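K.L.:
Have a look at this one.
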Amino acid sequence: MSGTVPDIRLHCAQNPSDPPSITMGPRKPADDEYIDVDDSYDANQDEDTGKAGYSWEEEYKRSWDVLQEDSEGRLSSAVAHLQQQRKRRRLLKDTAIIQRGIIRHLFLIIDLSEAMNEKDLRPSRVELTLNYAQQFVIEYFDQNPISQLGIIVTRDGIAEKLTELSGNPTDHIKALKTKKNTETSGEPSLQNALQLARAGMMGVPTHGSKEILLIFGALTTCDPNDVHDTIDLLQKEMVRVNVVGLAAEVQICRALSKATKGSYGVILNEAHYKDLLFEAVPPPAVAPNKNTSNLVTMGFPRRQTEEHATFCVCHSKLTTGGYICPRCRSKVCDIPSDCDVCGLTLVSSPHLARSYHHLFPVDNFDEIRNSTRSSNCFSCIIPLDKTEGNSQVHFQCPKCKQAFCVDCDIFIHEVLHNCPGCWSTNSQKKTPL
């Protein structure tokens, strides 16, 4: 029997008196093929909530009406325009200049209970989670080069630390690819995982932020004691906990994120899962009551290669190369890290420069529609009327007023973090006549 495998989902109505409804349809496309169509109804419908009827009495929504054919009867332009809107959705964020903690210490907690074997996410919850976790590690260190990360898994009612807090993404990805570390069994233990993460951040300096990112797929937790006591300790020590739920909203996860001033979201599909997970990549704002340091002592070591192997202070292994601490002359394997002997924060100047863009982000570009002026993209020099998607749309920097295509707009905000038009204008002003 050929055809797509039906996907049956149970949707609970918002009103407790309403019965749940079952929808049946084909499975969702892959993450790179997913198109988010805005089928929201008119805002005036809910002006009088008292007159609202049952959910099954409402008129059904025809989301496919958003796709309109062009003059040649094709849908390619409409689909490309929807894909552009989805790409730019992550860019439309708050660009206000606020104080952020760019020296971060984050523990990624992954649920490896039996609930992660469900097939509601393709190919399965655990396989998709491990794939996204590897992508998250790479993106996290790309955007936060002077931060540190550790990985904890929970299964069989216990928690296990796969990697310690470190700034080397290779170790974390290697641990996630090890099959023995990713086997699922039993029930998760939320309290044990939080306690293990809390103990691993006991030595974090005051100028560094403490964060926990929890991927939770089960609906229950097997804890040895009262988990609310652990939540109170995390709140007292100012540890921010962000939770990504894979099944349904769990009350204890909601209380955990609310008490620690974190975020909590339940995924809808594969693409929404990735969006919620990657929301933890940018550094959060510093809490107003946090004791911040005006000056932080850092060391900038140089890598040296030795003729004879010597012990490093981080792993107690014989190595022929490493970074020499400028204060105590101890050798560490990787940076950024903290010297285990004198406690000095060891970074490199390129790492520090790459963290600068979080403090002064690029402003969101203005969307210009139906512009009569024919011009080229300032960055890639491609004519704006020949770009994919809607030919009447381009984006303009609010400061330098230069026009950019959608691909350059995304590249500037996600990779370059500097406007080429503003930089060229500043360089022209500095050039003597």
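Taken together, the values in this text are just the output of simple stated rules run on the coordinates, not laboratory data. Nothing here was measured: the structure is a model prediction, and the numbers come from that model. Every residue, glycine among them, receives a Cβ derived from its backbone with ideal geometry; neighbour counts consider all protein chains shown.
K.L.:
Taking the range 119-228 as the region of interest, what is the percent of Cα-Cα pairs per 5 angstrom bin, listed from the shortest bin to the one with the maximum distance?
P.N.:
2, 10, 20, 23, 21, 14, 8, 1, 0
K.L.:
Assign one of three labels to the range 207-281, namely rounded, prolate or oblate, based on the Cα gyration tensor with a ≥ b ≥ c the square roots of its eigenvalues; rounded applies when a/c is under 1.5, prolate when it is not and a/b is larger than b/c, and oblate otherwise.
P.N.:
oblate
K.L.:
Going down the list Lys180/Lys258; Lys177/Lys317; Lys261/Lys401; Lys161/Lys236; Lys236/Lys331, which pairs span over 31 Å between their C-alpha atoms?
P.N.:
On the way: Lys180/Lys258 34 Å; Lys177/Lys317 24 Å; Lys261/Lys401 38 Å; Lys161/Lys236 23 Å; Lys236/Lys331 35 Å.
From the list (Lys180/Lys258; Lys177/Lys317; Lys261/Lys401; Lys161/Lys236; Lys236/Lys331), the Cα-Cα distance tops 31 Å for Lys180/Lys258; Lys261/Lys401; Lys236/Lys331.
K.L.:
Shifting gears a bit: Taking every pair of alpha-carbon atoms in the range 300-343, what share in percent sits in each 10 Å bin, from 0 to the bin with the longest distance?
P.N.:
33, 60, 7
K.L.:
Right, another one. Counting only other residues whose beta carbon sits under 15 Å from that of Thr154, what net charge do I get with K and R as +1, D and E as -1? Intermediate results must be reported in sequence, preceding the final value.
P.N.:
Working: positive: Arg125, Arg155, Lys161, Arg198; negative: Asp111, Glu114, Asp156, Glu160, Glu183, Glu187, Asp223.
Taking every other residue near Thr154 into account, the sum is -3.
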